[in-house]
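The values are calculated or read from the model by the stated rules, or taken from the named source; none is laboratory data. Predicted, not measured: the structure shown is a model, and the values here were computed from it. Virtual Cβ from ideal backbone geometry, glycine too; neighbours counted across all protein chains shown.
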Amino acid sequence: MNVAVAKTGNGRAVSDLFASAEGRLPGSPDVIAARREAFESYERLGLPHRRIEEWKYTDLRALVGEVLPLAAAPDAAALKRAADAVKAQAIAGACKLVLVDGVFAADLSDVKALASEVTLKALREMLDKDAGLLKTASTDAVIALNAALATDGVVLSIADGAQLSAPVQIIHVATAASASAFTRSRVAVGKGARATIIESFVAAGAKAYQVNDAVIVQIGDDADVAHIRLMDDAPDAVNVTSQFVTVGANTKLNFFNMTTGAAVSRLQGFITFSGEGSELAVNGVNLLKKTEHGDTTLVVDHAVPNCVSRETFRAVIDDRAHSVFQGRIIVRPDAQKTDGKMMTRALLLSDEAEADNKPELEIFADDVSCGHGATAGALDDSLLFYLKARGLPEKQAQALLIQAFVGEAIEQIADDGLREHVIGIAERWLEQRS
Amino acid sequence: MALLEVKDLKVRVEEREILHGLSLTVNEGEVHAIMGPNGSGKSTLSHVIAGKPGYEVTDGQILFKGEDLLEMEPDERAAKGVFLAFQYPVEIPGVATMTFLRTALNAQRKARGESEYSTPDFLKKVREVSKSLNIPQDMLKRGVNVGFSGGEKKRNEVLQMALFEPSLCILDEMDSGLDIDALRIAADGVNALRSPGRAMVVITHYQRLLNYIVPDFVHVMSKGRVVKSGGKDLALELEASGYTQFEDAA
């Protein structure tokens with residue numbers, strides 16, 4: 001296959017995309033110049049494909065083909081539809097921050113309800129003041145594309161010592177069909193702060209849209225953070241999200257992701273310990289059906305000694321769906337006493353379901369405890385028969401066992417209300433199985 | 001009308017015939033013991049009555065309250081009143097015992113067109129039943145059978161039997177893996193459930209269990225058939241003479 005031709009083909013499409021988007025992109029001429037540079041770097045690479053190791057199982061050229069034009073800024077009708085979708089998704093007690101088709105919608109957000117220790121700005125207001133917002137260490141093509149085209153996002157800063165009782169919920173709503181939304185957000189959590197951040201992705205009637213989101217999370221020392229992501233997009237949507245997380249010293253981070261929608265989705269998380277004595281729990285659930293493709297790729301970088309990381313990933317795959325889990329744990333030469341483990345399990349509900357599990361350990365220190373495990377299999381017939389012999393019809397017996405299977409990951413959510421909300425989404429998914 | 005009628009049942013597993021024309025009639029209120037050597041087809045019979053997959057019925061009939069049991073899914077059989085107490089109850093990690101019991105009970109009630117139990121009513125009922133069987137509440141808080149001893153697993157089966165109130169209980173090798181104290185506790189639970197409206201089929205290799213659960217009838221199985229039937233004394237006779245005579249007869 002001729003790689004050069006494919007790249008050119010994609011490059012041309014993106015050139016048009018950038019030219020048509022340029023008028024809508026916020027930022028000073030300097031910012032626009034940086035965007036152009038990012039976009040040129042994307043143009044050189046094109047959409048990731050299977051010959052790029054990190055994207056081996058998620059070939060965006062084959063699965064997505066082209067990047068759709070930017071969604072128009074939402075009009076009154078779009079905002080009305082978004083408001084209804086938000087109402088259905090809102091988590092009781094949470095402060096909502098709503099992004100509609102890639103634009104922060106202050107009127108739909110609980111800006112006034114935010115705690116006084118939280119500072120909120122829209123990304124578009126901040127770009128000229130903070131050039132770092134569009135920069136990340138990654139050379140990944142989709143991240144470069146995000147830097148080039150991000151129209152908005154939220155920039156949150158949680159003060160040192162803040163103890164937030166209410167979660168902050170960032171809700172991405174798509175109302176525009178066959179269009180793309182590029183968002184970038186940053187969350188900075190101060191020293192000793194305690195906070196729960198939720199991100200939800202939903203559709204307000206929109207079909208075949210694309211989401212490219214990037215989030216930069218910086219957590220200070222002695223903090224305690226729960227970060228919950230719920231990717232519940234429309235069944236024909238595409239969602240590629242990149243997360244860059246740095247964790248300070250003596251900090252606890254409990255990260256959870258659940259994917260229950262989108263034709264093609266990928267969450268790529270890059271989590272780096274920057275201070276000693278911290279604990280990270282990463283829990284993920286993919287619930288996939290029909291021909292959905294869901295990819296969770298995590299890189300946990302033990303850059304400093306004495307940190308603990310635990311990854312628990314569960315995939316439930318029905319019909320002809322395809323789940324990918326790539327987990328890499330890097331232990332740098334100085335990171336002695338690292339304790340890093342990951343366990344991934346896939347449950348295949350049909351003969352045509354597919355799971356790819358790729359655990360990787362890169363260990364450069366000699367006094368560490370690291371391990372990984374991976375399994376894939378069907379529901380246990382003896383358990384199914386036991387439940388049926390007690391009166392549960394087949395589907396109900398399956399649902400109970402599937403809930404138990406994903407429960408191990410969901411149980412890690414400490415907040416009762418939030419955990420019930422997540423269980424509710426999983427139950428709805430189970431009820432929709434035909 | 002008999003509660004359970006097994007007529008000339010022939011069953012295969014893969015290519016091998018296990019039951020070669022077995023017949024058995026059980027009426028309401030009766031306790032039948034089925035004894036026999038290993039491999040005689042006792043457990044196969046219990047599995048086929050409960051509807052376990054993997055068995056092919058090539059001939060014969062099983063009628064339950066006059067209805068064709070073989071046409072029903074396992075869950076439909078449970079809702080009609082068939083209960084199999086498993087020889088080795090499975091562990092189901094992640095499914096809380098209380099959730100399991102409530103889901104199962106309500107699924108059976110729903111299938112029969114009865115109203116489902118509300119959570120408070122259900123809790124009240126479980127508390128009553130578990131108290132009468134001396135089952136500690138702590139056991140109910142764990143995952144289904146997870147980390148249970150052999151005796152606890154069997155007591156959990158008896159608890160379900162008491163809760164679901166089936167009209168036919170099949171106890172498959174209830175004594176296997178139990179010491180004498182655990183056996184006595186489980187058997188006491190079963191005896192408490194004997195009633196004029198409920199029949200039991202007790203499958204066992206050893207006569208020992210029948211000291212605790214005294215049957216009305218004893219059937220000896222060998223090589224896929226019932227080769228001798230009699231009263232409870234037949235079990236004692238077997239204990240003295242062994243199964244060899246029947247293996248020759250079959």
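Just to be sure I understand, how many residues within region B:16-58 are within 14 Å of chain A (Cβ to nearest Cβ) and outside any helix (DSSP H, G or I)?
5
Looking only at region B:147-169, filter to residues that are within 11 Å of chain A (Cβ to nearest Cβ) and among the aliphatic types (A, V, I, L, M); which one of those is farthest from the chain's Cα centre (by Cα)?
Step by step, filter region B:147-169, then rank; the result is B:Leu163.
Report the residue count in region B:70-104 for those that are free of Cβ contacts under 8 Å to residues at least 60 places away in the same chain, more than 7 Å from every other protein chain (Cβ to nearest Cβ) and crowded, with 22+ Cβ neighbours inside 10 Å.
2
For A:Ala73, which of the numbered conditions (1) assigned to a loop (DSSP other than H, G, I, E, B); (2) of a type in the set (A, V, I, L, M, F, W, C); (3) under 20 Å from the mean Cα position of the chain (by Cα) fails to hold?
With respect to (1) assigned to a loop (DSSP other than H, G, I, E, B); (2) of a type in the set (A, V, I, L, M, F, W, C); (3) under 20 Å from the mean Cα position of the chain (by Cα), A:Ala73 is out only on (3).
Kindly check whether there is at least one residue in region B:213-230 that is more than 24 Å from B:Lys52 (Cα to Cα), touching a helix residue (DSSP H, G or I) at 6+ places or on another chain (Cβ under 8 Å) and of a type in the set (S, T, N, Q).
No: zero hits.
Here is a list: A:Phe256, A:Phe244. Which entry is buried (at least 22 other Cβ atoms within 10 Å of the Cβ), of a type in the set (Phe, Trp, Tyr) and out of contact with any Asp or Glu (no Cβ under 7 Å at 6 or more places or on another chain)?
A:Phe256
Specify the residue that is modelled with the lowest pLDDT; the eligible residues are those in region A:407-425 that are within 9 Å of chain B (Cβ to nearest Cβ) and not in a loop (DSSP other than H, G, I, E, B).
A:Glu408
Counting only residues that are in contact with a Gly (Cβ under 8 Å, 6 or more places away or on another chain) and within 21 Å of A:Leu379 (Cβ to Cβ), how many does region A:303-323 have?
Here the count works out to 7.
If you take just the strands (runs of 3 or more DSSP E) that sit entirely in region A:190-241, which of them hold at least 3 residues that are more than 21 Å from A:Ile91 (Cβ to Cβ) and either in contact (Cβ under 8 Å) with a residue 60 or more places away in the chain or touching a helix residue (DSSP H, G or I) at 6+ places or on another chain (Cβ under 9 Å) (or both)?
Qualifying strands (runs of 3 or more DSSP E): A:210-219.
One residue is enough: does region A:388-397 have a residue meeting the conditions under 29 Å from B:His47 (Cα atoms), within 14 Å of chain B (Cβ to nearest Cβ) and in contact (Cβ under 8 Å) with a residue 12 or more places away in the chain?
Taking every residue of region A:388-397 in turn, at least one turns out to be under 29 Å from B:His47 (Cα atoms), within 14 Å of chain B (Cβ to nearest Cβ) and in contact (Cβ under 8 Å) with a residue 12 or more places away in the chain.
Quick test of your reading of the structure: A:Glu360 fulfils all but one of (1) over 17 Å from A:Ser309 (Cβ atoms); (2) touching a residue at least 12 places away in the same chain (Cβ under 8 Å); (3) more than 14 Å from chain B (Cβ to nearest Cβ); (4) not aromatic (Phe, Trp, Tyr). Name the failing condition by number.
Single failed check for A:Glu360: (1).
Pairs needed: first member in region A:45-61, of a type in the set (Phe, Trp, Tyr); second member anywhere, surrounded by fewer than 20 Cβ atoms within 10 Å (Cβ to Cβ) and not in a helix (DSSP H, G or I); C-beta distance under 6 Å; at least 6 residues apart or different chains.
That search, which allows pairs on different chains as well, returns A:Tyr57/A:Asp356.
What helices (runs of 4 or more DSSP H) lie completely within region B:106-192 and have 3 or more residues being surrounded by 15 or more Cβ atoms within 10 Å (Cβ to Cβ)?
Filter on region B:106-192 gives B:119-132, B:150-164, B:180-192.
For region A:363-387, what are the residues that are more than 12 Å from chain B (Cβ to nearest Cβ) and in a loop (DSSP other than H, G, I, E, B)?
Scanning region A:363-387 gives A:Phe364, A:Ala365, A:Asp366, A:Asp367, A:Val368, A:Ala378.
Do the conditions hold for A:Arg310, that is, is it outside any helix (DSSP H, G or I), buried (at least 17 other Cβ atoms within 10 Å of the Cβ) and among the basic types (Lys, Arg)?
Yes: the conditions hold for A:Arg310.
Does B:Gln61 satisfy the condition of being more than 14 Å from chain A (Cβ to nearest Cβ), of a type in the set (S, T, N, Q), surrounded by fewer than 21 Cβ atoms within 10 Å (Cβ to Cβ) and under 18 Å from B:Leu168 (Cβ atoms)?
In short, yes.
Do we find that B:Gly143 is within 14 Å of another protein chain (Cβ to nearest Cβ), among the small types (Gly, Ala, Ser) and farther than 23 Å from A:Leu384 by Cβ in this structure?
No, not satisfied.
I'd like to check something: does region A:215-223 contain any residue that is modelled with pLDDT of 95 or more, polar (S, T, N, Q) and surrounded by fewer than 22 Cβ atoms within 10 Å (Cβ to Cβ)?
The answer is yes, given that some residue of region A:215-223 is modelled with pLDDT of 95 or more, polar (S, T, N, Q) and surrounded by fewer than 22 Cβ atoms within 10 Å (Cβ to Cβ).
Given the criterion farther than 24 Å from A:Val142 by Cβ and under 19 Å from the mean Cα position of the chain (by Cα), identify the matching residue among A:Val316, A:Val299, A:Val324, A:Val282.
Answer to the check: A:Val316.
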